[in-house]
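Notes follow once the structure below has been shown.
The values are calculated or read from the model by the stated rules, or taken from the named source; none is laboratory data. A quick note: this is a predicted structure, and the numbers were derived from the prediction, not measured. Cβ coordinates were reconstructed from backbone atoms using ideal geometry, including for glycine residues, and neighbour counts include every protein chain displayed.
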Amino acid sequence: MAVYTEVSDDELARFIAGYGLGKLLSFKGIAEGVENTNYLVHTTRGTFILTIYEKRVDVADLPFFLGLMEHLSARGVTCPLPVRDANGHVLNELAGRRAALITFLEGVWPKRPKVEHCLELGKALAQMHIAGEGFALRRANALGLTGWQPLFDKFSARTGEICPGLHELIADELHFLQRSWPQDLPQGVIHADLFPDNVFFVDDKLSGIIDFYFACDDALAYDIAICLNAWCFNAESAFEPAKGAALLDGYDSVRPLSDGERDAIPTLARGAAMRFLLTRSYDWLNTPKDALVARKDPADYIRRLTFHQSVRSIADYAPQLIA
């Protein structure tokens with residue numbers, strides 16, 4: 001679960017009163033999520049998400065995250081919108097931490113994504129990238145290429161606790177990525193964590209994108225690579241070509257990929273697999289077994305990375321995009 005900070009009825013009632021949203025009717029903790037504490041809040045004026053930002057979130061990044069949601073929403077992207085209080089503030093304090101109230105989106109996330117979901121996702125991702133143009137704030141990708149070796153250094157001596165051969169796999173792959181990482185690709189704001197639990201659907205139609213707390217500036221095509229990893233493999237971590245083709249086709253139909261982006265997709269996909277292999281491995285080794293947050297098995301991304309290493313071109317993901 002992801003409720004790290006407990007809030008009393010009286011504390012929350014006083015907090016809500018500052019927003020002019022009527023009387024607090026009920027609230028409950030939301031189990032999903034990793035970084036922050038979230039509550040579902042009901043008032044006489046509607047339903048909202050209360051997010052309390054925990055220690056792993058840099059407070060200096062919050063104006064970027066919240067401002068991005070406002071920017072995207074104003075340009076037609078269906079995403080949560082920060083609620084401003086009576087003084088026009090989107091950030092306040094609750095239980096000794098920074099907190100924000102966010103609008104509630106209807107829908108459910110697909111626990112077993114279908115081809116139709118992947119097509120919708122590709123279109124929405126491209127629309128989000130286009131809508132992000134002109135956003136004034138900037139945030140570097142702390143979990144991008146330059147951050148991978150330092151993260152690996154923190155646990156490299158313990159990789160044998162996860163599985164044999166993992167140290168060599170990661171070290172060799174990091175060497176390849178450092179030498180081969182694509183340059184001069186179109187840049188912009190990316191979501192950087194668009195897993196199925198961050199995308200809502202109603203009747204197989206995408207109804208909204210949530211959780212922008214890893215968003216940053218990077219190559220737009222890297223966001224596609226993250227989605228290929230997160231959406232297009234089955235429970236056994238085997239790639240499903242129809243899903244990959246649908247995702248890429250949906251994206252290309254809204255924002256056509258450049259030749260450079262098409263050439264870069266296999267390497268970017270390897271990098272995205274490495275990013276999540278590293279963070280999952282670190283968390284696997286450093287999260288107490290009795291912690292509130294469930295550890296995610298790094299082995300899923302070992303299998304994904306191994307698949308991407310066999311890919312030679314975008315045709316292996318979506319042959320219809322090669323004219």
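Which residues, taken from region 153-165, are crowded, with 20+ Cβ neighbours inside 10 Å and closer than 25 Å to Pro182 by Cα?
Once the filter is applied, which keeps residues that are crowded, with 20+ Cβ neighbours inside 10 Å and closer than 25 Å to Pro182 by Cα, region 153-165 yields nothing.
Going through region 65-80 one residue at a time, which ones are surrounded by fewer than 18 Cβ atoms within 10 Å (Cβ to Cβ) and in contact with a strand residue (DSSP E or B) (Cβ under 8 Å, 6 or more places away or on another chain)?
The one that is surrounded by fewer than 18 Cβ atoms within 10 Å (Cβ to Cβ) and in contact with a strand residue (DSSP E or B) (Cβ under 8 Å, 6 or more places away or on another chain): Glu70.
Mind counting the residues in region 111-142 that are closer than 18 Å to Ile224 by Cβ and buried (at least 18 other Cβ atoms within 10 Å of the Cβ)?
Total satisfying the criteria: 17.
Given (1) among the basic types (Lys, Arg); (2) assigned to a helix (DSSP H, G or I); (3) more than 19 Å from the chain's Cα centre (by Cα), where does Arg98 come up short, assuming only one miss?
Of the numbered conditions (1) among the basic types (Lys, Arg); (2) assigned to a helix (DSSP H, G or I); (3) more than 19 Å from the chain's Cα centre (by Cα), the odd one out for Arg98 is (2).
Filter region 28-58 down to the residues that are β-branched (Val, Ile, Thr) and modelled with pLDDT of 90 or more, then identify the one that is surrounded by the fewest Cβ atoms within 10 Å (Cβ to Cβ).
Per the criteria, the residue is Thr44.
Give me a count of the residues in region 14-71 that are touching a residue at least 24 places away in the same chain (Cβ under 8 Å), in contact with a helix residue (DSSP H, G or I) (Cβ under 8 Å, 6 or more places away or on another chain) and of a type in the set (A, V, I, L, M, F, W, C).
Final tally of qualifying residues: 2.
Just to be sure I understand, how many residues within region 286-319 are modelled with pLDDT of 90 or more, charged (D, E, K, R) and in a loop (DSSP other than H, G, I, E, B)?
The qualifying residues number 2.
Can you pull out every residue in region 160-187 that is touching a residue at least 40 places away in the same chain (Cβ under 8 Å) and more than 30 Å from Lys111 (Cβ to Cβ)?
If the condition is that a residue be touching a residue at least 40 places away in the same chain (Cβ under 8 Å) and more than 30 Å from Lys111 (Cβ to Cβ), then Leu174, Phe176, Leu177, Ser180, Trp181, Pro182, Asp184, Leu185, Pro186 are the ones that fit.
Looking at (1) over 19 Å from the mean Cα position of the chain (by Cα); (2) of a type in the set (Asp, Glu); (3) surrounded by fewer than 19 Cβ atoms within 10 Å (Cβ to Cβ), can you tell me which one Asp197 breaks?
(1)
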